[in-house]
Amino acid sequence: MGEPVRVAVDAMGGDRAPEEIVAGALAARSNDLEPILFGIEELLRPLAEDLPIVDTSTVVAMDEKPADAAREKRDSSMFAACRAVGEGQADVVVSAGNTGALLAAGLLEVRRLADVHRPAIAVVLPALERATVLLDAGANADARPEHLLQFGAMGSVFAREILGVAEPAVALLSIGEEPEKGNRLTLEAHRLLAASDLHFVGNVESRELLRGTVDVVVCDGFTGNVVLKAMEGTVRTTLAALRNEITATPRGKLGGLLIRPAARRLRDRLDPDTYGGAYLLGLRGLVVSAHGNSGRVAFANAIRLGARGARSRVVERVAGRLGARVVGAPG
């Protein structure tokens, strides 16, 4: 089986840290996956059973400005966990903490791949027909056309290695399917993507995202983050409204019993906790950002997602696709 994947866990990051984070790490632990907790040891030891702990002195707050964290919190659990990946002491870092600070920690401690313009957050959408990866989902509020081209290349590697798609179909998020629809960014990005060797299938509208008609969708981080949060809110609100309607009347409760198995399958398919997190692609090491309000199930899934990426050598494959090189690797 080889050596277990070493997962550096930011045990202090997230709305429900450290209790739920540590519980998720314990649930994810296996013969081929070794979580290593980074955080304040006196708080972690009563929760951690026999998991290894790297003691750190500070914590990055969920509302802390990334620039302040980068300047003042290099000794925090988040930055120390990223440093472990950058120095080769861990294979992947997983954090449910401040996303902006995690991006800063990744850039400082793990660093970008050579020739990568901008890292991107890659999120798997809970689509009906097939899983779809959206990027960028929030790392870059502004982007240039060449950035979106690289996002398409990185997303294609993700779809092949993590989702098992042999020839990923790449689409550009826009306001219409026609090539001439969109703003200056999408028009120029469309031209670059169409001229690339990616399997580019044109524009896709946001209403199509949950259907899963393509494998990779690229956009700037501002648009992607707005879309992602709107979709998560819509899914949760719709499922809650359905639950309320079912329980409102005796007849509804009876019908609810009949559709319960199907409703659970639908909930599981659409639940963001299924994957638990998102890859920050474009760095020379693997960084996974988990949901800020992750409970133990979601965080355990985020750890497993990170370990799967490490086993699939996603970083090396992204570097190969972009012609970049992993710092410290031969070549």
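Observations, loosely collected:
- Per residue solvent-accessible surface (Å²) - segment 1-49, probe of 1.4 Å: 47 Å²
- In terms of the mean number of neighbouring beta-carbon atoms within 10 Å, the peptides 237-248, 86-97 order highest first as 86-97, 237-248.
- Within segment 16-167: Cβ-based charge dipole about Cα centre, in debye rounded to nearest 20 (Lys, Arg +1; Asp, Glu -1): 440 debye
- Summary value for the chain: 23 percent relative contact order, contacts being C-alpha pairs under 8 angstrom separated by 6+ residues.
- Within the accessible area of segment 102-155 (1.4 Å probe), percent carbon and sulfur: 49 percent
- Selection from 62, 103, 17 lying farthest towards where the dipole of segment 1-129 points positive, charges on Cβ: 103
- Secondary-structure-derived ellipticity at 222 nm for the chain, considering helices only, amounts to -13000 deg cm²/dmol, per-run term -39500 (n - 2.57) for DSSP H runs with n ≥ 4.
- If you take the alpha carbon atoms of segment 36-189 and fit the smallest convex hull around them, that volume is 163 Å³ per residue.
- Segment 238-247 - phi-based ³J(HN,Hα) in whole Hz, Karplus 6.51/-1.76/1.60, Gly and Pro as x: 5, 5, 5, 5, 4, 4, 5, 5, 5, 8
- 3J(HN,Hα) couplings calculated from phi for segment 126-135 with the Karplus curve 6.51 cos²θ - 1.76 cosθ + 1.60 (θ = phi - 60°) are, in sequence order, x, 7, 7, 7, 7, 5, 10, 9, 10, 7 Hz; Gly and Pro show x.
- Each Cα pair under 8 Å and six or more residues apart adds its sequence gap; the mean of these over the residue count of segment 1-144 is a relative contact order of 23 percent.
- Taken per residue, the accessible surface of segment 91-138 reaches 30 Å², heavy atoms only and a 1.4 Å probe.
- Farthest toward positive dipole pole in the chain [+1 Lys/Arg, -1 Asp/Glu at C-beta], among 320, 86, 156: 156
- Label-to-label distance, nm, for residues given as residue 144 and residue 229 (7 Å Cα→Cβ offset): 2.7 nm
- Magnitude of the charge dipole, the chain, Cβ model with Lys/Arg +1 and Asp/Glu -1, debye to 20: 760 debye
- Rounded to the nearest 0.05, the FRET efficiency derived from the C-beta distance between residue 240 and residue 297 at R0 = 25 Å is 0.85.
- Summing +1 for each Lys or Arg and -1 for each Asp or Glu among the other residues whose beta-carbon sits under 13 angstrom from that of residue 247 gives +3.
- 5 angstrom amide H check on residue 36, placed H, neighbours 5+ away: 7, 8, 9
- Each label was represented as a point 7 Å from its Cα along the Cα-to-Cβ direction; for residue 61 and residue 321 these points are 3.8 nm apart.
- Heavy-atom accessible surface of segment 14-73: percent carbon and sulfur, 1.4 Å: 48 percent
- Paired Rg and Dmax values of the chain, which use every Cα atom, in angstrom: 20.1, 68
- Projected onto its three principal axes, the C-alpha set of segment 136-210 covers 32, 25, 23 Å, listed from the longest axis down.
- Antiparallel %, DSSP beta bridges [both residues in the chain], to 5: 30 percent
- Kirkwood hydrodynamic radius of segment 102-177, from inverse mean 1/r over distinct Cα pairs, in Å: 13.5 Å
- Ordering of 155-162, 298-305, 140-147 by packing [mean C-beta count within 10 Å, highest first]: 298-305, 155-162, 140-147
- 11 Å beta-carbon shell around residue 21, net charge (K/R +1, D/E -1): -2
- When a 1.4 Å probe is rolled over the protein heavy atoms, the share of accessible surface on segment 222-262 that falls to carbon and sulfur comes to 67 percent.
- Solvent-accessible surface of segment 163-210, averaged per residue with a 1.4 angstrom probe and all protein chains in place: 56 square angstrom.
The values are calculated or read from the model by the stated rules, or taken from the named source; none is laboratory data. Small disclaimer: the values here were computed from a predicted structure and weren't measured. Here the Cβ is made from the backbone with ideal geometry for all residues, glycine too, and neighbour counts use every protein chain on show. Surface areas here come from the heavy atoms of the whole protein model, side chains and all, with no ligands, DNA or RNA. Shrake-Rupley method; radii C 1.70, N 1.55, O 1.52, S 1.80 Å.
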